[in-house]
Amino acid sequence: MTRAVVVFSGGQDSTTCLIQALQQYDEVHCITFDYGQRHRAEIEVAQKLATELGAAAHKVLDVGMLNELAVSSLTRDSIPVPLYSEDEKDAVPSTFVPGRNILFLTLAAIYAYQVQAEAVITGVCETDFSGYPDCRDEFVKALNHAIDLGIGRDIAFITPLMWLDKAETWALADYYQQLERVRHNTLTCYNGIQGYGCGQCAACHLRAKGLEFYLANKSNVLLSLKQKTGLI
């Protein structure tokens, strides 16, 4: 039996990863982290989606210590979530939570060890991302190597979206006939608004721009997805 653990926030990316994983593995576990994030409504969204989609199990883990240590607009109400700005798209934004993916992937690997899963799946992406250093392919591979050494077992860190842009991520959800579920039932917005979100933060801008491009260029985006993944 093949098993995988999906790092699951209930957002567009992790939900698309879960949808795909359920087609590729016999048993899929979800792990969601409660770190006191201001958009904590995502936890309830993740719980509902994991149940609806048929995950074998869903663990919500309290990692509140991250909130104490990591200063970010996602962990401090006193720091406003910035509006999307074309001028600042290459800078590390205030929404970056230092150490978040280091902690999440490490804990997900421990959970994978416990449930005898062969893979940890995460929706990080280097093609369309917000300048977060812990979303880079180089980082994920380096941490994966360190954890394999430290845990004494090969647990593959899988990043299905690493080289996909947002339009191609929408196309991937559509390929699995889950576009509308991802469109309306996920929560990507930094301000905690489900579906289309606030429409002003960077996460909402990237999501909406990708969907608009996909819907206007379906055949071309699907072709690009096929070339990158071999799925279609």
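Regarding residue 68, is this residue among the acidic types (Asp, Glu) and either in a loop (DSSP other than H, G, I, E, B) or farther than 20 Å from residue 199 by Cβ (or both)? In short, yes.
Residues in the stretch 15-54 that are of a type in the set (S, T, N, Q) and open to solvent by 10 Å² or more (accessible area, probe 1.4 Å) were compared, and the one that is farthest from residue 180 (Cα to Cα) is 24.
In the stretch 130-140, the residue that is modelled with the highest pLDDT out of those that are open to solvent by less than 40 Å² (accessible area, probe 1.4 Å) and charged (D, E, K, R) is 137.
Within the stretch 31-49, track down each residue that is of a type in the set (A, V, I, L, M, F, W, C) and under 15 Å from residue 185 (Cβ atoms). Within the stretch 31-49, 41, 43, 45, 46, 49 meet the criteria.
Please tell me if residue 31 is closer than 26 Å to residue 164 by Cα and touching a helix residue (DSSP H, G or I) at 6+ places or on another chain (Cβ under 6 Å).
Numbers: closer than 26 Å to residue 164 by Cα: yes; touching a helix residue (DSSP H, G or I) at 6+ places or on another chain (Cβ under 6 Å): yes.
In short, yes.
Scanning the stretch 194-219 for residues that are outside any helix (DSSP H, G or I) and in contact (Cβ under 8 Å) with a residue 24 or more places away in the chain returns 194, 200, 201, 217.
With respect to (1) assigned to a helix (DSSP H, G or I); (2) in contact with a Lys or Arg (Cβ under 7 Å, 6 or more places away or on another chain), the lone exception for residue 126 is condition (1).
Each residue in the stretch 99-129 was checked for being modelled with pLDDT under 95 and open to solvent by 30 Å² or more (accessible area, probe 1.4 Å), and 5 pass.
I want to confirm something. Restricting to the stretch 141-183 and keeping residues that are outside any helix (DSSP H, G or I) and either acidic (Asp, Glu) or touching a His at 6+ places or on another chain (Cβ under 7 Å) (or both), which single residue is surrounded by the most Cβ atoms within 10 Å (Cβ to Cβ)? Before you say what the answer is, go through the steps one by one.
Taking the stretch 141-183 and keeping what is outside any helix (DSSP H, G or I), we get 152-165, 176-178.
Subsequent filtering for residues that are either acidic (Asp, Glu) or touching a His at 6+ places or on another chain (Cβ under 7 Å) (or both) retains 154, 165.
On the way: 154: 10, 165: 22.
Within the stretch 141-183, the match that is surrounded by the most Cβ atoms within 10 Å (Cβ to Cβ) is 165.
Conditions (1) in a loop (DSSP other than H, G, I, E, B); (2) among the polar types (S, T, N, Q); (3) modelled with pLDDT of 90 or more; (4) within 14 Å of the chain's Cα centre (by Cα), marked per residue:
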{"site": "4", "(1), (2), (3), (4)": "no, no, yes, no"}
{"site": "20", "(1), (2), (3), (4)": "no, yes, yes, yes"}
{"site": "23", "(1), (2), (3), (4)": "no, yes, yes, no"}
{"site": "55", "(1), (2), (3), (4)": "yes, no, yes, no"}
{"site": "60", "(1), (2), (3), (4)": "no, no, yes, no"}
{"site": "74", "(1), (2), (3), (4)": "yes, no, no, no"}
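Going residue by residue through the stretch 220-229, is there one that turns out to be small (Gly, Ala, Ser), open to solvent by 60 Å² or more (accessible area, probe 1.4 Å) and assigned to a helix (DSSP H, G or I)? Looking for residues that are small (Gly, Ala, Ser), open to solvent by 60 Å² or more (accessible area, probe 1.4 Å) and assigned to a helix (DSSP H, G or I), one finds none in the stretch 220-229, hence no.
The values are calculated or read from the model by the stated rules, or taken from the named source; none is laboratory data. All figures in this text were calculated on a predicted structure; none of them were measured in a lab. Every residue, glycine among them, receives a Cβ derived from its backbone with ideal geometry; neighbour counts consider all protein chains shown. Calculation scope for accessible area: heavy atoms of the full protein, side chains included, ligands and nucleic acids excluded. Shrake-Rupley method; radii C 1.70, N 1.55, O 1.52, S 1.80 Å.
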